[in-house]
Structure formats: C-alpha cells, structure tokens
Amino acid sequence: MCILKQDEADYLDPFQSGFRTGHGTETALVALVDDLRRALDRGEHAFLVLLDLSAAFDTVDHGILLDRLEGMGIGGIVLWWFRSYLSDRHQRVALGDEVSDPWPLSCGVPQGSILSPMLFNIYVKPLGAIIRRFGLQCHQYADDTQLYLSFKSSPELAVDTISKCLESVSEWMGGNRLKLNPDKTEVLLVGDKRRLGDIDLVFNGVRLPLKDQVRSLGVILDSQLSMEAQILAASRAAWYQLHLIQRLRPYLPVHLLPRVVHALVSSRLDYCNALYVGLPLKTVWKLQLVQNAAARLIRNSRRRDHITPVLEDLHWLPVVYRAQFKVLVLTFKALYGFGPVYLKERLQHHQICRPTRSASQDLLSVPPVKTARLVRTRERAFSIVAPTLWNSLPYDLRRAPSLPSFRQALKTWLFRRAYKILGAD
C-alpha cells in the first residue's frame, strides 16, 4: 500500500481518503454519515449518489497524468523517471504453455504497483473541485466517489443541480479518458421519500431510480441511516465464518484459534463500527451474540455458561464499547494530526471566556441542543458523540503522549467501565 505523508496532502483533494496515512474508508464514511445525520436533524432531505467508474486504473491517460505531475512542480529527471515508468509497457495472456503476443499499453497505471494508487489520486484531483462547484459535497476513496446534496424544499431544484453536476462530471471524465457507468450509478434519498412524491433523476439518458439502500465502501446505508441492514449483513457474514472455524477447530492448534477468530470474525464486527455508536441495544445485539459465540468457541465453554466472565477473561470489550473505542481513537488522531482534516474540522476546543479550573482540561465543545435537536442525532452523529465521549475521559488519558499509549490506556479504561471494576473512574 502506498501511504502519503501529511505534508503531501496538497497534491491530493482534501476529501480523497484512498491510500493516505490516517485516512480510510471508515473516516470517509464517518464524515459522510455525520453530514447526513445533521441534515436529517435540520428537517432536510439529502440525495446520496454513488458513482461507478469502469476500469478506472486501466484508462489513465499517460500524457494527461504527466502534465498534471508537471503542473504540481515535478520536472527534470524526476518527470523523466515517471515518463519512463509509464511508457513502453506491454501485456500478454498466458494459458498453460500458450502465451499470446505482447500488446503495447498506451494508457493505465501498472496494477499492483506501489505508485499506482498515488498516481491515480493525483490524476482525479480536479474531480472534487468540479463537484463542489455545484454546491455538492463529496468524499472519494481512490475511484469510489460519493457525492451528496441536502435540501429542505424544492426537490426539483436539487434534482436539477445534481443532473447538471453529473453532466459536468461526465464531460470531465470523457476528456480525461475515464468512463462513468450510468447503469451502475446508484442514488439514495436520505429522508422520508413519501413526503416528496415521484422524483426522476436522469443521467445521460438513463433514469436513476431511488434505492431504499445502497452499499457505500462496503457499508449498507438506508434512507433513515438506521444501520439495521448493515448490522444484519455483518452478523450473517461473521456467523458464516464462525461456523467454518467451528468445523476446523479439531485441526487447529489451540494457540492459533484466537488469531483465526480475530482475522475472520472480529474483523467483520469491527469494520466501520464507529457508525454503530449510539444505536439501540436491540440493533447491535445481533453483533454481540456473534462475539459471545466466538468467545465460547475459543474457551470451549458451554452455551449455558454465563458469558461475562468469558469475555472478561479474554480481555474483550463488548460490541458497544468497541464502537466507543473506535470513535475515541479517531478523535485522538484527528486532534493530534494523525487523521483527516475533514474530521478535525468537526471538533472544536471548548472556549473559556474567563479563567476557570476547567480552562486547561483540553475539553471539546459539544454542539448545543438547538443545533442538534433529535436524540438520535446527539447519540449517533460523530460531531456530537466524539466531543461528548472525549470530555468523559480522564485528563491524563486525553493528554496521552502517543497514539499507542492512548489506545492502551483507553482500552483499559473502557474495560474497567464495561466490567465495572473498582477504580474505573
């Protein structure tokens, strides 16, 4: 994986999260869902459009890419090196002992290369500016693009704005040898569809139907952002893997069993679990049942045995606390420069008008109720949950000297709270 340093961010769109240190699909989705939740709280609707590119990495025009690199200030022997790296490449097909004649490649970046993701991100940097020019917001992860627009009234105007934006995006992509696939472009209306009536969004002559749910960067989002479909899908996938592990258990060394469970089961429970914070217990309980079963499998305990001692013995945080752990780690990264700027901008330090005892406690400002009226917004939106959880931490924990020490101390603190050990506070 190619990782860009923080001081190299000027080469990329600020909302491009692919292959950048401290960025990822989770940070992009946290920001996206936070914006959508705050829009719902304001009584607005929102269109979320997921763009689909066809073979994006294979159609990068070398001449355009080199011009873009030169426009960034790259020249001389470095530019010549990039030109040499991209040119005179061939591909061929091998089937058994038969090999086709080599075919010259006039476009595309080499697959599997450490430089290819970075070069592609540089290549598509102008796309974000084009989208924002129409008043839409966007997040990108390499060739995955999510653009969205919130509105309180006049859905026809919103549809017209999105249509014009998509036309401009399509025109730019055509001029840059990229192909946008209208048939696979999806649209989610966040809000109550019944209040708006029939809405037709047309792109390049193709009608884009409004979906009840879409999959964005591996996470299923629905019109009310309930996350129920996502949790159901994650729990089903985890159960499937757990059943496979159970069948393999007699053949696995005992010391390897926890590693296999973490790799195949816990990873599915934890993927983008920052989006699960504040959800009703009945919703996240599906994931907790999977974790309970995984713990019993590792410890070979009976179904009737009380699960809390088993989880505590494994030093596992329950699902609800794992979600809080992820939110707080993202908060620490954002505050101390290890995460995306677009998350840091959602966090504001608490301003003290006069000297008080709490003036130097490194607290964050929690948005007032008048700007976030709904309970589900205050319990689930990152821009509100993050400062609330952060302020609940002990001062020494908020001032941890490094990310590893923060993660370790945070897990210990949450563990004590989860299992009500004396001295948790």
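The values are calculated or read from the model by the stated rules, or taken from the named source; none is laboratory data. Note that this is a predicted model, so its numbers are computed, not measured. Using ideal geometry, Cβ is built from the backbone for each residue, glycine included, and neighbour counts are taken over all protein chains shown. For the accessible areas, the whole protein counts, side chains as well, though only heavy atoms, and no ligand, DNA or RNA atoms are used. Shrake-Rupley method; radii C 1.70, N 1.55, O 1.52, S 1.80 Å.
Give the calculated FRET efficiency between R207 and V341 to the nearest 0.05, with a Förster radius of 45 Å applied to their Cβ-Cβ distance.
0.75
Between their Cα atoms, which of K282/K326; K184/K344; K282/K370 are more than 26 Å away from each other? Each step should come with its number before you reach the end.
Details: K282/K326 20 Å; K184/K344 33 Å; K282/K370 28 Å.
Where the Cα-Cα span goes over 26 Å, the pairs concerned are K184/K344; K282/K370.
Choose one of G43, S170, G24: the residue whose Cα lies farthest towards the positive end of the charge dipole of the chain (beta-carbon charges +1 Lys, Arg; -1 Asp, Glu; about the Cα centre).
It is G43.
With +1 on each Lys and Arg Cβ and -1 on each Asp and Glu Cβ, how big is the dipole of the chain about its Cα centre, in debye rounded to the nearest 20?
The dipole of the chain has a size of about 2320 debye.
Quickly rank 342-349, 134-141, 204-211 as a protection proxy: mean count of other C-beta atoms within 10 Å, highest first.
134-141, 342-349, 204-211
First obtain the Kirkwood hydrodynamic radius of region 73-205 from its Cα pairs, then insert it into the Stokes-Einstein equation at 25 °C and 0.890 mPa s, and state the resulting D in µm² per second as a whole number.
My calculation gives 134 µm²/s for D.
Can you tell me the Rg and Dmax of region 141-185, counting just the alpha carbons, in angstroms?
So, for region 141-185, Rg and Dmax equal 12.3, 37 Å respectively.
Return the long-range amide H neighbours of L364 (sequence gap of 5 or more, or a different chain), with a cut-off of under 5 Å between placed amide H atoms.
H350, N391
Over region 107-254, calculate the relative contact order: mean separation of alpha carbon pairs under 8 Å at least 6 apart, over the residue count, as a percent. Intermediate results must be reported in sequence, preceding the final value.
Numbers: 120 pairs, mean separation 20.7, N = 148.
Relative contact order of region 107-254: 14 percent.
Compute, for region 68-191, the length of the dipole vector about the Cα centre, with Cβ point charges of +1 (Lys, Arg) and -1 (Asp, Glu) only. Units Debye, rounded to 20. Intermediate results must be reported in sequence, preceding the final value.
On the way: 12 positive and 13 negative charges, 102 e Å.
Result for region 68-191 is approximately 500 debye, rounded to the nearest 20.
How large are Rg and Dmax for region 227-335 when calculated on the C-alpha trace, in angstrom?
Every Cα atom of region 227-335 included, Rg and Dmax give 14.2, 46 Å.
Over the chain, what percent of the accessible surface lies on carbon and sulfur atoms, probe 1.4 Å?
53
Just to check I understand the Karplus step: with θ = phi - 60° and J = 6.51 cos²θ - 1.76 cosθ + 1.60, what whole-Hz values come out for region 125-142, glycine and proline as x?
Per residue, the Karplus-derived 3J(HN,Hα) values read 3, x, 4, x, 5, 5, 5, 5, 4, 8, x, 8, 9, 8, 9, 10, 10, 6 Hz.
Give the separation of the Cα centroids, region 221-289 to region 178-204, in Å.
Taking the Cα centre of each part, region 221-289 and region 178-204 sit 31 Å apart.
What residues have an amide H closer than 5 Å to that of F203, excluding those fewer than 5 places away on the same chain, when H is modeled at 1.01 Å from N in the peptide plane?
Under 5 Å from the amide H of F203 lie the amide H atoms of L208, each far enough along the sequence or on another chain.
For the charge dipole of the chain, defined by +1 on Lys and Arg C-beta atoms and -1 on Asp and Glu C-beta atoms about the Cα centroid, which residue among A129, P340, P250 has the Cα displaced farthest towards the positive pole?
Looking along the dipole axis, the top candidate is P250.
Among the trypsin sites (Lys or Arg not before Pro) within region 127-162, which fall in a DSSP loop and have no more than 16 other Cβ atoms within 10 Å of their own Cβ?
For trypsin sites (Lys or Arg not before Pro) across region 127-162 that sit outside H, G, I, E and B with at most 16 neighbouring Cβ atoms in 10 Å, the list reads K152.
State log₁₀ I(q)/I(0) for region 224-275 at q = 0.21, 0.24, 0.31 Å⁻¹ as given by the Debye formula over alpha-carbon point scatterers of equal weight, solvent excluded.
Normalising to I(0) and taking log10 leaves -0.74, -0.87, -1.18.
Express the accessible area of the chain per residue in Å², computed with a 1.4 Å probe while the remaining protein chains stay in the model.
Per-residue value: 52 Å².
Say R0 is 51 Å: what FRET efficiency, to the nearest 0.05, do S113 and W285 get from their beta-carbon distance?
The value I calculate is 0.70.
Quick one: plug the Kirkwood hydrodynamic radius of the chain (C-alpha pairs) into Stokes-Einstein at 4 °C, 1.567 mPa s, and report D in µm²/s.
Details: Rh = 24.2 Å.
So the translational diffusion coefficient is about 53 µm²/s.
Just going by the charge dipole of the chain, with Lys and Arg at +1 and Asp and Glu at -1 on Cβ, which of Q408, H315, S153 is farthest out on the positive end?
Result: H315.
Relative to 2.2 N^0.38 Å, what does the C-alpha radius of gyration of region 45-142 come to as a ratio? Two decimals please.
1.35
Can you say what percent of the DSSP beta bridges in the chain, counting only those with both residues inside, are antiparallel? Round to 5.
That works out to approximately 90 percent antiparallel.
Whose amide H sits under 5 Å from the amide H of R89, counting only residues 5 or more places off or on another chain, with H placed in the peptide plane?
Those qualifying (amide H under 5 Å, at least 5 residues apart or on another chain) are L105.
Once label points are set 7 Å from the Cα along Cα→Cβ at both D305 and R373, what is their separation, rounded to one decimal in nm?
Here the answer is 5.2 nm between the modelled labels.
Dipole of region 269-418, Cα-centred, from +1 at each Lys and Arg C-beta and -1 at each Asp and Glu C-beta, to the nearest 20 debye?
Here the size comes out at about 360 debye.
Only helical DSSP H runs with n ≥ 4 go in: add -39500 (n - 2.57) per run for the chain, normalise by residue count and round the 222 nm mean residue ellipticity to 500 deg cm²/dmol. Before the final figure, lay out each step's value.
Values: 17 runs with 191 residues, N = 425.
Helix contribution divided over all residues of the chain: -13500 deg cm²/dmol.
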